[in-house]
Amino acid sequence: MTPEEVAASQTELAPLHAELGLPAPTLPERVQEDFAAQFQAVLKVRPAAFSFAFGRLGADRVAALRGAGILCIGTATSHLEASALARNGVDAVVLQGGAAGGHRGGWAHDDLTELLFLIRSVLLDANLPVIAAGGLMDAADVRAALNAGASLVQCGTAFLRATEAGTSAPYRAALAAAEPGQTVLTCAFSGRLARGLANRVTAEVASPLPYPLQNALTRDLRAAAARAGRAEFLSLWAGEGHARGREGTAAELLRILWPEETE
Ligand SMILES: Cc1cc2nc3c(=O)[nH]c(=O)nc-3n(C[C@H](O)[C@H](O)[C@H](O)COP(=O)(O)O)c2cc1C
């Protein structure tokens with residue numbers, strides 16, 4: 001990363017900062033946590049499962065997890081990535097279809113494949129339990145993913161407006177007001193591709209730094225926007241199914257998603 005590229009990103013964000021009464025953004029000395037230290041903490045705490053995104057773990061780390069009796073779950077957005085994770089020795093894989101909200105969890109090849117197609121193609125030659133993610137908004141969607149061969153499903157967008165969710169008030173209001181088809185894929189907030197509702201940041205930030213630099217550079221903007229209730233500057237992560245999302249308690253939303261025992 002050249003100083004000129006950093007300066008260009010700072011210049012691009014400066015007017016948005018000014019609107020929130022903030023000085024132009026600067027990069028902190030430390031832009032991300034120490035992964036090796038975090039990994040040691042996981043081994044010490046020994047959770048039942050450890051799931052990860054954005055890459056593979058080294059074989060030694062997979063072996064350390066399994067040796068500690070921790071279920072190891074990777075994330076893939078394509079057949080190629082799922083095969084690499086299978087060779088890596090994970091116990092299961094989250095398959096993230098193209099409709100999913102939030103960050104794309106892959107690292108090598110992502111062509112935003114439709115979820116059911118992705119599940120079927122991975123299960124053709126991988127003998128690995130699959131957790132299906134992306135665009136699952138009701139029981140029929142969940143049933144379709146299970147019928148395609150998934151062992152479990154993962155839902156994000158369906159719970160964004162749950163009473164118990166930490167979704168901020170401006171984020172909730174933006175979700176309630178959004179028309180179908182209002183999501184975009186953007187690197188503007190973090191430097192990594194993610195799906196969310198379009199807003200001024202996704203429209204106006206054209207030259208983000210790579211992850212995790214951009215993530216660090218936009219941290220103050222996001223925090224100030226949350227305090228000020230300004231959704232146009234917030235990361236509004238949401239999947240393509242967002243317009244089918246509902247309000248309600250997590251238990252009520254789970255009932256909408258729960259497939260009947262029989263087909
Ligand atoms: C608001 C939000 C935050 C997310 N944060 C993460 C995260 O921190 N790590 C991760 O692996 N996936 C994250 N995801 C992606 C989900 O794990 C999952 O792949 C996705 O929500 C499934 O698609 P759906 O949103 O259409 O249900 C996030 C998704 C949303 C909507």
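The values are calculated or read from the model by the stated rules, or taken from the named source; none is laboratory data. Bear in mind the structure is a predicted one, so any value in this text is a computation, not a measurement. Neighbour counts are summed over all protein chains in view; Cβ atoms, including those assigned to glycine, are modelled from backbone coordinates with ideal geometry.
Looking at the range 86-111 only, could you name the residues that are in contact (Cβ under 8 Å) with a residue 40 or more places away in the chain and more than 17 Å from Q154 (Cα to Cα)?
A86, W107, D110
Yes or no: the range 101-122 includes at least one residue that is more than 12 Å from the ligand (Cβ to nearest atom), more than 19 Å from the chain's Cα centre (by Cα) and either crowded, with 17+ Cβ neighbours inside 10 Å or not assigned by TED's automatic domain parsing to the domain that holds A59 (or both).
Yes, the conditions are met somewhere in the range 101-122.
Have a look at A169, A139 and point out the one that is touching a Gly at 6+ places or on another chain (Cβ under 7 Å) and more than 12 Å from the ligand (Cβ to nearest atom).
On the way: A139 fails: touching a Gly at 6+ places or on another chain (Cβ under 7 Å).
The match here is A169.
So, in the range 99-135, how many residues would count as being of a type outside the set (D, E, K, R), assigned to a loop (DSSP other than H, G, I, E, B) and in contact with a Ser or Thr (Cβ under 7 Å, 6 or more places away or on another chain)? So that I can check it myself, show each step before the final result.
First, pick out the residues of the range 99-135 that are of a type outside the set (D, E, K, R): 99-103, 105-109, 112-113, 115-119, 121-124, 126-135.
So of that shortlist, the ones also assigned to a loop (DSSP other than H, G, I, E, B) come out as 99-101, 105-109, 112-113, 126-129, 134-135.
Next, from what is left, pick out any that are in contact with a Ser or Thr (Cβ under 7 Å, 6 or more places away or on another chain): 101, 105-106, 109, 113, 126, 129.
Summing the residues that are of a type outside the set (D, E, K, R), assigned to a loop (DSSP other than H, G, I, E, B) and in contact with a Ser or Thr (Cβ under 7 Å, 6 or more places away or on another chain) in the range 99-135 gives 7.
Checking the conditions here, which among L27, L43 is part of a loop (DSSP other than H, G, I, E, B) and not polar (S, T, N, Q)?
Numbers: L43 fails: part of a loop (DSSP other than H, G, I, E, B).
Answer to the check: L27.
Starting from residues that are in a loop (DSSP other than H, G, I, E, B) and in contact with a strand residue (DSSP E or B) (Cβ under 9 Å, 6 or more places away or on another chain), keep the ones in the range 157-182 and report whichever is farthest from G229 (Cα to Cα).
Just the residues of the range 157-182 that are in a loop (DSSP other than H, G, I, E, B), to begin with: 160-161, 163-168, 178-182.
Subsequent filtering for residues that are in contact with a strand residue (DSSP E or B) (Cβ under 9 Å, 6 or more places away or on another chain) retains 160-161, 163, 178, 182.
Details: L160: 17, R161: 16, T163: 18, A178: 17, Q182: 20 Å.
Here the answer is Q182.
Can you find even one residue in the range 51-71 that is surrounded by 13 or more Cβ atoms within 10 Å (Cβ to Cβ), of a type outside the set (F, W, Y), outside any loop (DSSP other than H, G, I, E, B) and within 14 Å of the ligand (Cβ to nearest atom)?
Checking the range 51-71: at least one residue is surrounded by 13 or more Cβ atoms within 10 Å (Cβ to Cβ), of a type outside the set (F, W, Y), outside any loop (DSSP other than H, G, I, E, B) and within 14 Å of the ligand (Cβ to nearest atom).
Which of the following residues is more than 19 Å from G191 (Cα to Cα) and more than 23 Å from the chain's Cα centre (by Cα): L20, L95?
Values: L95 fails: more than 23 Å from the chain's Cα centre (by Cα).
Going through L20, L95 in turn, the sole match is L20.
Residue-wise test of (1) among the hydroxyl-bearing types (S, T, Y); (2) free of Cβ contacts under 8 Å to residues at least 12 places away in the same chain; (3) within 16 Å of the ligand (Cβ to nearest atom); (4) under 30 Å from R143 (Cβ atoms).
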site	(1), (2), (3), (4)
R195	no, no, yes, yes
L209	no, no, no, no
A226	no, no, yes, no
E232	no, no, no, no
G239	no, no, yes, yes
E252	no, yes, no, yes
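Would you point out which residue out of Q182, Q154 is in contact (Cβ under 8 Å) with a residue 24 or more places away in the chain, near the ligand (Cβ under 10 Å from one of its atoms) and polar (S, T, N, Q)? Steps first, answer last, please.
Working: Q182 fails: near the ligand (Cβ under 10 Å from one of its atoms).
After applying the criteria, what remains is Q154.
Do we have any residue at all in the range 228-244 that's over 20 Å from the mean Cα position of the chain (by Cα), assigned to a helix (DSSP H, G or I) and not assigned by TED's automatic domain parsing to the domain that holds L115?
First, the residues of the range 228-244 that are over 20 Å from the mean Cα position of the chain (by Cα): 228-230.
Pick out the ones that are also assigned to a helix (DSSP H, G or I) and you get 228.
Keeping just the survivors that are not assigned by TED's automatic domain parsing to the domain that holds L115 gives 228.
The answer is yes, given that some residue of the range 228-244 is over 20 Å from the mean Cα position of the chain (by Cα), assigned to a helix (DSSP H, G or I) and not assigned by TED's automatic domain parsing to the domain that holds L115.
So which of A194, A216, A165 is modelled with pLDDT of 95 or more, surrounded by fewer than 16 Cβ atoms within 10 Å (Cβ to Cβ) and either farther than 23 Å from H109 by Cα or within 14 Å of the chain's Cα centre (by Cα) (or both)?
Details: A194 fails: surrounded by fewer than 16 Cβ atoms within 10 Å (Cβ to Cβ); A216 fails: surrounded by fewer than 16 Cβ atoms within 10 Å (Cβ to Cβ).
When all the criteria are applied, what remains is A165.
Tally up the residues in the range 248-263 that are part of a loop (DSSP other than H, G, I, E, B) and surrounded by 14 or more Cβ atoms within 10 Å (Cβ to Cβ), please.
Kept after step one, since they are part of a loop (DSSP other than H, G, I, E, B), are these residues of the range 248-263: 249, 258-263.
Narrowing further to those that are surrounded by 14 or more Cβ atoms within 10 Å (Cβ to Cβ): 259.
Qualifying residue count, the range 248-263: 1.
Among the listed residues R143, R66, R87, which satisfies the condition of being under 28 Å from P210 (Cβ atoms) and among the basic types (K, R)?
Numbers: R143 fails: under 28 Å from P210 (Cβ atoms); R66 fails: under 28 Å from P210 (Cβ atoms).
After ruling out the rest, the residue left standing is R87.
Please go through the range 31-46 and give me each residue that is closer than 17 Å to G191 by Cα and either without any contact (Cβ under 8 Å) to a residue 60 or more places away in the chain or more than 24 Å from the chain's Cα centre (by Cα) (or both), ordered by number.
Going through the range 31-46, the residues closer than 17 Å to G191 by Cα turn out to be 31-33.
Within the range 31-46, E33 is the sole residue that qualifies.
Where residues in the range 82-98 are assigned to a loop (DSSP other than H, G, I, E, B) and over 23 Å from S235 (Cβ atoms), which of them is farthest from the ligand (Cβ to nearest atom)?
Taking the range 82-98 and keeping what is assigned to a loop (DSSP other than H, G, I, E, B), we get 89-91, 97-98.
If we keep only those that are over 23 Å from S235 (Cβ atoms) as well, we get 89-91.
Values: G89: 19, V90: 14, D91: 16 Å.
For the range 82-98, the residue satisfying everything is G89.
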